[in-house]
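The values are calculated or read from the model by the stated rules, or taken from the named source; none is laboratory data. Just so it is clear, the structure is predicted and the values come from calculations on it, not from any experiment. Methodologically, a virtual Cβ is constructed for each residue, glycine included, from the backbone with ideal geometry; neighbour enumeration extends over all protein chains shown. Remember, those area values only see protein heavy atoms, side chains included, never the ligands or the DNA or RNA. Shrake-Rupley method; radii C 1.70, N 1.55, O 1.52, S 1.80 Å.
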Amino acid sequence: MSNALRVVLVDDEAPARSRLKELIADCAPQLAASVVGEAGNGKEALALLESVSADLVLVDIRMPQMSGIEFARHALALESPPAIVFVTAYEEYAIKAFELRALDYLLKPVRRARLLAALTRARESGAPGREALRGLESAPRRHLCVAQRGRISLVPVAEIVYLKAELKYVTIRTAEHEHLLEESLAHLEHEFAEDFVRIHRNCIVAKSRIRGFEKADVQDGEQGWLVLLEGCAEKLAVSRRQWPLVKEFAAR
């Protein structure tokens, strides 16, 4: 079975994983596939994929800690990202995936014929596109994903103090660390609009981290405002354009 499709199963319910394993075995006469790993949630699956080579991940959409869709977005940071097929008991996800035409899905209870079709398609399709995954789920991610030397590090969004665009990267600043991220600050601002506010054209900060403001010379002797942030000694300049929006936090 050296040419067998290498499959990882991700579902928080062990019986659901067992059912998929049985169905994959039933598909063997038409398409050789081998289950090379299992995980009970998205975070476990990302760790598993760093040590196991997989062609395809069958992943449940609704799981604790990290949804299947967020998992898929992070998996794209792997050196050789696998194809993704979503498994769901909720038809609204399947309809959305069909509309995007870039993603495959299996509705629970999964049938052998439908699984065989998905396995066959996955062998040819490769990893999904970022835009398709972004359009599948409206809820913001709980983590940002940083790729370092072929490994994936997850940064909880709740721990982020600010995000700053610098050249082609975005700096993620937490109370203890800095990370570099290859994503658009504009996309991040849109995704996390509930929790972050733009203070400058190149920086958004966590609203919950704002502790006050300080007047100072910000450029060529011109007075302006600096924002004081919990968990960060650095004081960041607020642009004149953004000040009317940001100053509402001064009284909080």
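If I filter segment 189-205 for residues that are closer than 21 Å to residue 141 by Cβ, aromatic (Phe, Trp, Tyr), free of Cβ contacts under 8 Å to residues at least 24 places away in the same chain and not in a loop (DSSP other than H, G, I, E, B), do I get at least one hit? Looking for residues that are closer than 21 Å to residue 141 by Cβ, aromatic (Phe, Trp, Tyr), free of Cβ contacts under 8 Å to residues at least 24 places away in the same chain and not in a loop (DSSP other than H, G, I, E, B), one finds none in segment 189-205, hence no. Note on segment 1-83: enclosed strands (runs of 3 or more DSSP E) holding 3 or more residues that are open to solvent by less than 10 Å² (accessible area, probe 1.4 Å) are 5-10, 56-60.
Considering only residues that are among the β-branched types (Val, Ile, Thr) and under 30 Å from residue 51 (Cβ atoms), look in segment 152-200 and name the one that is modelled with the lowest pLDDT. Checked segment 152-200; the qualifying residue modelled with the lowest pLDDT is 152.
Remark: pairs (first residue in segment 10-30, within 17 Å of residue 61 (Cβ to Cβ); second residue of a type in the set (Lys, Arg); Cβ separation under 7 Å; 6+ apart in sequence or on different chains) = 11/17. Would you be able to say whether some residue in segment 162-173 is under 19 Å from the mean Cα position of the chain (by Cα), open to solvent by less than 50 Å² (accessible area, probe 1.4 Å) and over 18 Å from residue 238 (Cβ atoms)? Yes, segment 162-173 contains at least one residue that is under 19 Å from the mean Cα position of the chain (by Cα), open to solvent by less than 50 Å² (accessible area, probe 1.4 Å) and over 18 Å from residue 238 (Cβ atoms). May I ask you to verify whether residue 239 is touching a His at 6+ places or on another chain (Cβ under 6 Å) and over 30 Å from residue 51 (Cβ atoms)? Criteria met by residue 239. Any residue in segment 124-148 that's on the phi < 0 side of the Ramachandran plot: show its pairings with residues that are of a type in the set (D, E, K, R) and in a strand (DSSP E or B) at Cβ separation under 9 Å, as long as the two are six or more apart or on different chains. Cβ pairs passing all conditions: 125/104; 128/104. What pairs come out if I take residues in segment 159-178 that are under 17 Å from residue 201 (Cα atoms) and pair them with residues that are among the hydrophobic types (A, V, I, L, M, F, W, C) and open to solvent by 40 Å² or more (accessible area, probe 1.4 Å) whose C-beta lies under 8 Å away, six or more apart or interchain? The qualifying pairs are 161/175; 169/180; 170/180; 171/180; 172/180. Residue 219 meets the conditions (1) open to solvent by less than 70 Å² (accessible area, probe 1.4 Å); (2) over 30 Å from residue 41 (Cα atoms); (3) at pLDDT below 90; (4) of a type outside the set (Val, Ile, Thr) in every case but one. The failed one is (1).
The residues of segment 84-93 include none that are open to solvent by less than 50 Å² (accessible area, probe 1.4 Å) and assigned to a loop (DSSP other than H, G, I, E, B). List the pairs whose first member sits in segment 48-72 and is at negative phi, whose second member is of a type in the set (Lys, Arg), and whose Cβ atoms are under 7 Å apart, counting only residues at least 6 apart or on separate chains? Qualifying pairs under 7 Å: 50/151; 53/6; 54/6; 55/6; 66/43; 66/142; 70/141; 70/142.
Among the residues that make up segment 117-131, is at least one of them open to solvent by less than 50 Å² (accessible area, probe 1.4 Å), out of contact with any Ser or Thr (no Cβ under 9 Å at 6 or more places or on another chain) and within 18 Å of residue 189 (Cα to Cα)? The answer is no, given that none of the residues of segment 117-131 is open to solvent by less than 50 Å² (accessible area, probe 1.4 Å), out of contact with any Ser or Thr (no Cβ under 9 Å at 6 or more places or on another chain) and within 18 Å of residue 189 (Cα to Cα). Screening segment 137-183 for residues that are touching a His at 6+ places or on another chain (Cβ under 9 Å) and among the polar types (S, T, N, Q) and picking the one that is nearest to residue 249 (Cα to Cα) gives 171.
Take residue 183 and decide whether it is outside any strand (DSSP E or B) and either under 18 Å from residue 239 (Cβ atoms) or touching a residue at least 40 places away in the same chain (Cβ under 8 Å) (or both). For residue 183, the condition - outside any strand (DSSP E or B) and either under 18 Å from residue 239 (Cβ atoms) or touching a residue at least 40 places away in the same chain (Cβ under 8 Å) (or both) - is not met. Could you count how many residues in segment 115-135 are over 15 Å from residue 33 (Cα atoms) and either of a type in the set (Gly, Ala, Ser) or assigned to a helix (DSSP H, G or I) (or both)? Count: 10.
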